[in-house]
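Have a look at the structure below before the remarks.
The numbers here are math on the coordinates, done by the rules we state, and not lab data. Note that the structure is predicted; figures quoted are calculated from it, not measured. Note: ideal-geometry Cβ built from the backbone for every residue, glycine included; neighbour counts use all protein chains shown.
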Amino acid sequence: MFVFLYAIWVVASAVIQGIDVPGYVTLIVAVTGLGGLQMIMLGVIGEYIGRIYFETKKRPYYFVKESNLLSGIDHTHVHARGVAT
């Protein structure tokens, strides 16, 4: 978020005050924009790997200790989806 604000500030500063160094604005906007895109993609990949990790543990999300929905089943071994293990 701050990267986009900085890019807008650099562009506005170049428009108002003029350009001191040719190519500076283009370079800064490109570097900050692509850096932000890399951080977003890294977050997506991290989320994907985290979900793979939790799925490979093959553990239920949580255990149901007691329920009135199922009768005649030992409730200590029933996980969140209501299936006895």
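Mean projection of the Cα convex hull over all viewing directions, computed for segment 2-57: 4.1 nm².
Each residue of segment 39-55 was assigned a 3J(HN,Hα) from its phi angle through the Karplus expression (A = 6.51, B = -1.76, C = 1.60, θ = phi - 60°), giving 5, 5, 5, 5, x, 5, 5, x, 5, 5, 5, x, 5, 4, 4, 5, 6 Hz with x at Gly and Pro. Descending by average beta-carbon neighbour count within 10 Å, the peptides 55-62, 4-11 line up as 4-11, 55-62, the highest first.
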